[in-house]
Amino acid sequence: GKVIGKKAANIKDLQEKLKKRVELVSYSEKPEDVFAKALEVNYATARKTGEKIIVLLDPQNKAKAFKNNSRIKRVKEIIRRNFNLELIIN
């Protein structure tokens, strides 16, 4: 809460200084949890195969996730950068 500030004042201040949009994503040790928290969905199952992680969603959560394609792209980039995995959503 202190990082964000009251009414997100610290985030707004940072955005003004950087002249960029700032978006916070909660961190987790598991990449599938980063995906679920960032897109606010519940996944049915997730499995790692080599350098890929496959996340299975039910139809309702899949529709909710794909409502915002730009956010999916950012989450995929975060997972690739932090976990060295390619995210595949089914």
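Quick notes on this one:
- Of the GluC sites (Glu not before Pro) found in segment 44-90, those in coil by DSSP whose Cβ has at most 15 other Cβ atoms within 10 Å are E51.
- For the chain, trypsin sites (Lys or Arg not before Pro) meeting the loop criterion (DSSP other than H, G, I, E, B) and having at most 13 other Cβ atoms within 10 Å: K2, K19, K20, R21, K67.
- Size of electric dipole in the chain: Cβ of Lys, Arg +1 and of Asp, Glu -1, about Cα centre, debye, nearest 20: 420
- Residues in segment 22-61 reached by a label modelled at A8 [backbone nitrogen below 13 Å; 7 Å Cα→Cβ]: 22-25
- Probe 1.4 Å - accessible area at F66, Å² to nearest ten: 90
- Surface share of carbon and sulfur [accessible, 1.4 angstrom probe, percent] for segment 1-72: 52
- Label zone at I88, where the point sits 7 Å out along the Cα-to-Cβ direction: segment 48-66 residues whose backbone N lies under 15 Å: 48-57
- Over the chain, accessible surface divided per residue gives 74 Å², non-protein components excluded, 1.4 Å probe.
- From helices alone, the chain scores -13500 deg cm²/dmol at 222 nm; the rule is -39500 (n - 2.57) for each run of n ≥ 4 DSSP H residues, then divide by the residue total.
- Length-normalised contact order for the chain - Cα pairs under 8 Å, 6+ apart - percent: 22
The values are calculated or read from the model by the stated rules, or taken from the named source; none is laboratory data. In this text the structure is predicted, and so the values were computed from the model without any measurement. For neighbour counting, all protein chains shown are included, and Cβ atoms are generated from backbone atoms with ideal geometry for every residue, glycine included. Surface areas here come from the heavy atoms of the whole protein model, side chains and all, with no ligands, DNA or RNA. Shrake-Rupley method; radii C 1.70, N 1.55, O 1.52, S 1.80 Å.
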